[in-house]
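Below is one structure, written out as structure tokens, with a few remarks after it.
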Amino acid sequence: MKFIHPDIFSYIALLVAFATGMLYYRSGETPIFLIFNILLILLRMTLNTLDGLIALKIERTSRKGKIVNALPDRYADMFYLIGISFSSLCNIKIGIIATVTVLLISYSGILGKALGVSWQQQGPLDKVDRLVIVMVFSLIQFILIKTKPGWIENFRFTVMELCMLLFIILGQLTIIRRVMGMIKEINRIESSNT
């Protein structure tokens, strides 16, 4: 696969993410889309991995390549989160708060780099964790829709809403940990300069 430019994989992954968002949007009416989305998320993760591996293998890493590697991932996050948020399986307010939280996770990660310290990657809710969580919750939501247990009708939240609530809680914890990491590095740099 060395003859394929690594950025191609990022662009294909972005298209896959867009399709995932569209299917999440329709998954309340067509629950099988939840299962299709698990497969699409796995495909997107594979494409992102191939992008990085091929870039390293053919020594085609560049600053432009880093843009193509990072920015489409932010769009991809927005596609599936907005798809879930606007679906009939999620309260839009919960979904939008979760979407903003995920954006802030990304922002807090790169903010360290802008401040002259390292790119903050503390968890517990990084990109891979989010994708694994949304796949697990999608599977549970599908099973519950298909089996229709009586207790679920009395439950206040859908499974996808619980997923978004988990993103909000773990996301805020991730942001706090990343800010603390930045402050710790900044303090260390400032104390060594005095």
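Laboratory data are not the source of any read-out in this text; all were calculated from the coordinates shown. Owing to the predicted nature of the structure, the values given are computational and were not obtained by experimental measurement. Note: ideal-geometry Cβ built from the backbone for every residue, glycine included; neighbour counts use all protein chains shown.
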Nearest-0.05 FRET efficiency for Arg74 and Thr30 at R0 = 22 Å, using Cβ-Cβ distance, is 0.20
Proxy exposure order for Thr46, Thr99 (fewest C-beta within 10 Å first) is Thr46, Thr99
Counted neighbours (other Cβ, 10 Å), sorted fewest up, put Asp126, Asp7, Asp51 in the order Asp126, Asp7, Asp51
Hull surface over four for the Cα convex hull of the chain, reported in nm², is 12.4 nm²
So the angle from the long Cα axis of helix 6-26 to the longest Cα principal axis of the chain, reported in degrees to the nearest 10, equals 30 degrees
Note: Lys146 to Met22 extended length (0.36 nm per residue) minus current alpha-carbon separation gives 42.6 nm
CD proxy, 222 nm, the chain: helix-only mean residue ellipticity via -39,500 (n - 2.57) per DSSP H run with n ≥ 4, per residue, nearest 500, stands at -27000 deg cm²/dmol
Computed over the chain: longest principal axis from alpha-carbon atoms vs helix 92-114 long axis, angle to nearest 10 degrees, is 10 degrees
Most exposed to least, judged by fewest other Cβ atoms within 10 Å, Leu15, Leu47 sort to Leu15, Leu47
Per DSSP, the loop-located trypsin sites (Lys or Arg not before Pro) within region 97-159 having at most 13 other beta carbons within 10 Å are Arg156
